[in-house]
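One structure is given here, and the rest of the page talks about it.
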Amino acid sequence: QQPVQSPQAVILREGEDAVINCSSSKALYSVHWYRQKHGEAPVFLMILLKGGEQKGHEKISASFNEKKQQSSLYLTASQLSYSGTYFCGTPISNDMRFGAGTRLTVKP
Amino acid sequence: DTGVSQDPRHKITKRGQNVTFRCDPISEHNRLYWYRQTLGQGPEFLTYFQNEAQLEKSRLLSDRFSAERPKGSFSTLEIQRTEQGDSAMYLCASSKQGRQETQYFGPGTRLLVL
């Protein structure tokens, strides 16, 4: 069963903040975040492991709450280069299940 | 450091033809995955190899699809008797087994079946 992402899309002005959520009906041991630009392959951003850790990549950070079976991606002071579709992935058995994605558009 | 490569990048074929795609993973990665992605959706798992062994195959994968990884290095994905519904981006990813295992994706092969 694939994770559920929200919102489906968000439009920001440069410098604004956004939060993308990812939740699962199954127990999570890790959450992976990827960003995909139009016509390109998904690019790995970060992995969060069980233990409620937080991580950061540039001005993008994420949290993981395994009790609530959810993860959130925080984009602060967004830049034009942040535009793209963000996917969360959750390993289930030997494969990765991806959410349907959140399309982020940053405008000048 | 070379990443995951895929060939061809684009393929246009007629319905009923067979197509084969190739994926070369990052050299020290022992795991290799194939995904299919359609517009507006996340990647959908197709199959997975650990070294040369195909350990899992999606229940959604038709018998027309077959994948190999003969020497545990590169992999091929073949689609026989293609249908218009097979049109999609086919992504390959590789990873190194471990606690913080991360999949790195190739550029994909975009397939259009006419």
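The values are calculated or read from the model by the stated rules, or taken from the named source; none is laboratory data. Since the structure is predicted, the reported quantities are computational estimates derived from the model, not experimental observations. Backbone-built Cβ (ideal geometry, glycine too); neighbour counts: all protein chains shown.
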List the strands (runs of 3 or more DSSP E) that sit entirely inside the stretch B:13-73 and contain at least 1 residues that are at pLDDT 90 or above.
-> B:19-24, B:31-37, B:44-50, B:65-68
Number of the exception - residue B:83 against (1) farther than 24 Å from residue A:103 by Cα; (2) surrounded by 16 or more Cβ atoms within 10 Å (Cβ to Cβ); (3) more than 11 Å from every other protein chain (Cβ to nearest Cβ) = (2)
Scanning the stretch A:62-81 residue by residue, those of a type in the set (Gly, Ala, Ser) and modelled with pLDDT under 90 turn out to be A:63
Lone qualifier among A:19, A:31, A:10 - being on the phi < 0 side of the Ramachandran plot and either within 14 Å of chain B (Cβ to nearest Cβ) or touching a Gly at 6+ places or on another chain (Cβ under 8 Å) (or both) | A:31
Name, by its number, the condition in (1) surrounded by 20 or more Cβ atoms within 10 Å (Cβ to Cβ); (2) in contact (Cβ under 8 Å) with a residue 60 or more places away in the chain that does not hold for residue A:100.
-> (1)
May I ask you to verify whether residue A:105 is at pLDDT 95 or above, at the interface with chain B (Cβ under 10 Å from one of its Cβ atoms) and part of a strand (DSSP E or B)?
-> no
In the stretch B:48-79, residues that are without any contact (Cβ under 8 Å) to a residue 24 or more places away in the chain and either out of contact with any Asp or Glu (no Cβ under 7 Å at 6 or more places or on another chain) or surrounded by 14 or more Cβ atoms within 10 Å (Cβ to Cβ) (or both) total 18
Quick check: is even one residue across the stretch A:48-71 within 11 Å of another protein chain (Cβ to nearest Cβ), buried (at least 17 other Cβ atoms within 10 Å of the Cβ) and either under 29 Å from residue B:34 (Cα atoms) or aliphatic (A, V, I, L, M) (or both)?
-> yes
